[in-house]
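Participant: Here it is: the structure, laid out below.
Bear in mind that the values in this text are calculations on the coordinates, not laboratory data. A quick note: this is a predicted structure, and the numbers were derived from the prediction, not measured.
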Amino acid sequence: MKGVSTRQIMPPQSWRRRDFRFPAVRAKVNGGAVEGLLLNVAQTGLAIETDVPVRIGSGYRLSVEFEDAGFSASGTARWCVLKNTRRNGRGEYVPVYHAGFSLEERDEAGQERVLARLRRRLLTPPPS
């Protein structure tokens, strides 16, 4: 086609993810006060999708429950954006937020241990 470039256009380096992202699972914040879908786990924290906004800068207790195990850590909400709306089971429109949390472990090694445990569990199927 005339005037159409077949060259691939790459996003700027600043737009690209620096860390591998893991599959999504269910997550709870503050004991279930906020529930959502775990979107990804990075080196310094995690992101969820939820229908409840979180307060940026506030501390939360984060937990991810698997059939045979669980993960829990303290975190701080770093960002929260309204991404979309969707219909719930009653046909009502509800907001869809994406929110990011940094982990608040006492030291970097402790933070990495928590994230490594979560990454291992996400990549290992449950025992049968």
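Participant: Return the sequence-ordered ³J(HN,Hα) values of segment 73-81 in whole Hz as given by the Karplus equation 6.51 cos²θ - 1.76 cosθ + 1.60 applied to θ = phi - 60°, using x for Gly and Pro.
Facilitator: Values per residue, Gly and Pro as x: 7, 8, x, 10, 5, 9, 7, 7, 10 Hz.
Participant: Something else now. Want the number for Arg78 to Ala116: 0.36 nm per residue separation, take away the alpha-carbon distance, what's left?
Facilitator: 11.6 nm
Participant: Let me ask you something else. Mind running the shape call on segment 41-80? Use the C-alpha gyration tensor, a ≥ b ≥ c as the square roots of the eigenvalues: rounded below 1.5 for a/c, prolate if a/b tops b/c, oblate otherwise.
Facilitator: Here segment 41-80 falls in the prolate category.
Participant: By how many nm would the segment from Arg55 to Arg90 grow when fully extended, if each residue of separation counts as 0.36 nm and the alpha-carbon distance is taken off?
Facilitator: 9.9 nm
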